[in-house]
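J.: Take this structure, written in structure tokens, and hold onto it; I'll ask about it next.
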Amino acid sequence: MPLSTLNTQQRQAATAAYGQNLIIASAGTGKTSTIVARIAHLLHSGIKPEELLLLTFTNKAAAEMIERISRYFDTSITNKIESGTFHAVSYRLLKKAGHKIVLKQPKELKLVLKSIHEKRNFSHIDAPAAPYSASHLYDLYSLFQNKAGDGYFADWVAEQNPDHEAYRDIYEHIFEEFAELKKRFGYVDFNDLLINFREYLKESPVHFQEILVDEYQDTNRLQGSLIEAFSSESLFCVGDYDQSIYAFNGADITIIGSFEEKYPNSTVYTLTKNYRSSQAILSLANRVISKNERLYPKELEVTKEGNFPAPKLMVFDELFSQYEAIAQKVKYSTTPNEDIAIIFRNNSSADGIEANLRELGIACKRKGGTSFFETKEVKAILDMFTIMINPKDMMSFIHIFEYARGVGGVFAKDLFDALYKVGDGSIIEGILKPKDKKNPYKTNVINHQLGLFDDFYEEQNMAKFKKHGYPDRFLKNPILKHSKINNDLMAYLFDFYTYIHDNKHLNSPRHIIKNIRNSALFERIATTLATKRATQKDGSVHEGIKEEALINIKRKAELLEHLSKAYKDKYRFINALTLGGNELSEGEGINLLSIHASKGLEFKEVYIVDLMDGRFPNRKLMSKNGVEDGINEERRLFYVAVTRAKEILYLSYASYDKIKKIDYIPSPFLEEAGMVQTKVEALSEALKE
């Protein structure tokens, strides 16, 4: 059983008495084994599986833990354990309670917010700073929900940046309209999901005998309030303050730091035996992280035996030569590709490494930059898929029509509203069989107070379109009478009409994706994307690049069709991609990872690149959190990166960037690690000479 494989510290934690328990589990100390053993212990103690809640930060982590528990208990038992991310658990329990949820990704809702933001007039306001864009306002609002949550958003923005005090009322009105629009269509984003579930728990408490929380150091205020909203006798939180690296997303290190104050009768357990890294690697990591304040005392012990090389520093004269040399070193490494990781702080670092690896014919999989599921072509396919199963989905419609020439977010919304009206609440009916033949476009109003400006509706004669051979059943649709609909948009609308007509009765996810790939509508979208990617600085289109871009777009579509084979139900398919798509990956080879993406992973051989002051630590990002908090966060990032390595660790930096013509000095973390001389030491050595 799981307990028999644990060391003394892990066993004490896993068998802790009911109550509030905090387990400080540093890198490589076996936190997952401890959580699995804890759940097994509770089940053996008579706790029913459905009375346990396991909260993790990825669905993959939850699935792996449940799989490990299933080695000791029948799946009929382990499948009853409620487990997953905060969002996945909230989604399931709300759906179980009968709530209708249309979950939308942030990028989708940003477009909705943009359509509202564009109607506001800021020109009459005299302020020291330009107003925030819709995208930035959305990100700020998300941060507000995660970090503060109480009070008014506009007040919080003005407090954070007094230069925006003059925009307070407009910002507040924008988000009032945004909230009304989301409510109208039932849209929720990930934060809304947690907030709605928290409010539901106040009225209808959900009881669990024990709540287990993985990566507790990464919780933000919103997630913390959700944990408190549950009804539970026991709390088992596992985390490491030295690995708290999500401040940019609202993660609050004081939540784990104040655990004993919040729960005076709590017990804190510390796991100190490291099973991952060599003595030299762990010593280097500890030398650096010890510069941060110690929230809980701990002294890690190395259990790994053997003779391993000491961490090595590689210094290069120029930035690009660094990337080239690392690619060459990887090529001749005897370590299997899947056990090598190149870890970066900035995306630009990854671009240089990836280019050199590809040039040498070395396969790599990149995680931490733009993922497969975030590419525009994949998003477009999923929007086309979504519109077939939810004909009330305004956001998917707008996203599809952003590829139509001359159609912005505001006019796309007007088209959606018109189809919604003539289709009696369904845009599928609206495009195929409009029930209302009257003018679907309302006369727009100018609101001078808020600065809302729209074009007035003007009807056009449809005779000019008949020569193009469109069928009468399509031409009779009243939404086509808007004067803004020109020949290009007419063709785009007809391709949309044809796509809807050909797919409205399909249920198989694979068949729907296949038909999307072969549709004229997706061909238009793919051509638009490929042309944009192949457009040179002088405005000309490079046909070779365009052709290659089209091939890559179609390859992604083929991969998406391959993924859909595992699903029989179209609703399960789209929900799986919406909730967990960013955790899926493709490809094999060298692991090219951002530090955040590397967290929780381990590799025999690790390279940490671009360790120059300004790049790592990233001074620009540091300034957002304040100098002291910022350097502490960057130091924790360095600690996480180093502790991914089991046996071989390379650190590297370059002293010059020939493109930007910038000289660099080593990262202060290299000084703290004892890998380079401090200025005082260097001066002392120079005086001796």
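J.: Starting from residues that are not small (G, A, S) and not in a loop (DSSP other than H, G, I, E, B), keep the ones in segment 342-356 and report whichever is surrounded by the fewest Cβ atoms within 10 Å (Cβ to Cβ).
T.: N347
J.: I'm checking my understanding of the structure. Among residues of segment 384-427 that are in contact (Cβ under 8 Å) with a residue 40 or more places away in the chain and among the acidic types (D, E), which one is nearest to I116 (Cα to Cα)?
T.: Going through the qualifying residues, I end up with D414.
J.: Restricting to segment 265-294, what's the tally of residues that are over 19 Å from G600 (Cα atoms), touching a strand residue (DSSP E or B) at 6+ places or on another chain (Cβ under 9 Å) and open to solvent by 40 Å² or more (accessible area, probe 1.4 Å)?
T.: The number of residues fulfilling the criteria is 5.
J.: Could you say which residue among I479, I516 is closer than 24 Å to L419 by Cβ, β-branched (V, I, T) and either modelled with pLDDT under 90 or not in a helix (DSSP H, G or I) (or both)?
T.: I479
J.: Follow-up. Would you kindly identify the helices (runs of 4 or more DSSP H) lying entirely within segment 1-117 that contain at least 3 residues that are surrounded by 15 or more Cβ atoms within 10 Å (Cβ to Cβ)?
T.: Correct list: 8-14, 31-44, 59-69, 86-96, 106-117.
J.: Consider segment 310-341. How many of its residues are among the charged types (D, E, K, R) and either assigned to a helix (DSSP H, G or I) or at pLDDT below 90 (or both)?
T.: The qualifying residues number 5.
J.: Only one residue in F197, F185, F175 is open to solvent by less than 40 Å² (accessible area, probe 1.4 Å) and without any contact (Cβ under 8 Å) to a residue 40 or more places away in the chain, so which one is that?
T.: Answer to the check: F175.
J.: What residue, among those in segment 560-571 that are in contact (Cβ under 8 Å) with a residue 24 or more places away in the chain and part of a helix (DSSP H, G or I), is nearest to S508 (Cα to Cα)?
T.: K570
J.: Please work out which residue is farthest from F411 (Cα to Cα), limiting yourself to segment 118-163 and to residues that are hydrophobic (A, V, I, L, M, F, W, C) and either open to solvent by 50 Å² or more (accessible area, probe 1.4 Å) or not in a helix (DSSP H, G or I) (or both).
T.: A148
J.: Would you please name the residue that is modelled with the highest pLDDT, looking only at residues in segment 452-474 that are in a helix (DSSP H, G or I) and either surrounded by fewer than 16 Cβ atoms within 10 Å (Cβ to Cβ) or on the phi > 0 side of the Ramachandran plot (or both)?
T.: Looking at the filtered set, the residue picked out is R473.
J.: Considering only segment 74-110, state which residues are charged (D, E, K, R) and in contact with a strand residue (DSSP E or B) (Cβ under 8 Å, 6 or more places away or on another chain).
T.: If the condition is that a residue be charged (D, E, K, R) and in contact with a strand residue (DSSP E or B) (Cβ under 8 Å, 6 or more places away or on another chain), then E82, R92, K104 are the ones that fit.
J.: Can you confirm whether segment 498-511 contains a residue that is farther than 24 Å from D569 by Cα, at pLDDT 90 or above and either among the hydrophobic types (A, V, I, L, M, F, W, C) or open to solvent by 20 Å² or more (accessible area, probe 1.4 Å) (or both)?
T.: No; the residues of segment 498-511 include none that is farther than 24 Å from D569 by Cα, at pLDDT 90 or above and either among the hydrophobic types (A, V, I, L, M, F, W, C) or open to solvent by 20 Å² or more (accessible area, probe 1.4 Å) (or both).
J.: With respect to I551, determine if the residue is surrounded by fewer than 17 Cβ atoms within 10 Å (Cβ to Cβ) and at negative phi.
T.: Criteria met by I551.
J.: All but one of (1) under 27 Å from the mean Cα position of the chain (by Cα); (2) within 28 Å of T254 (Cβ to Cβ) hold for A63; which doesn't?
T.: Every listed condition holds for A63 apart from (2).
J.: Might you check whether a residue that is open to solvent by 40 Å² or more (accessible area, probe 1.4 Å), within 30 Å of the chain's Cα centre (by Cα), among the polar types (S, T, N, Q) and closer than 30 Å to D139 by Cα occurs anywhere in segment 322-341?
T.: Within segment 322-341 (the criterion being open to solvent by 40 Å² or more (accessible area, probe 1.4 Å), within 30 Å of the chain's Cα centre (by Cα), among the polar types (S, T, N, Q) and closer than 30 Å to D139 by Cα), the answer is no, since none of the residues qualifies.
J.: Would you be able to tell me the number of residues in segment 637-663 that are in a loop (DSSP other than H, G, I, E, B) and without any contact (Cβ under 8 Å) to a residue 24 or more places away in the chain?
T.: Of the residues in that region, 2 qualify.
The values are calculated or read from the model by the stated rules, or taken from the named source; none is laboratory data. In this text, all values refer to a predicted model and were calculated from it rather than measured experimentally. No Cβ is skipped: glycine too gets one built from the backbone with ideal geometry, and neighbour counts run over all protein chains shown. These area figures cover heavy atoms from the full protein model, side chains too; ligands, DNA and RNA do not enter into them. Shrake-Rupley method; radii C 1.70, N 1.55, O 1.52, S 1.80 Å.
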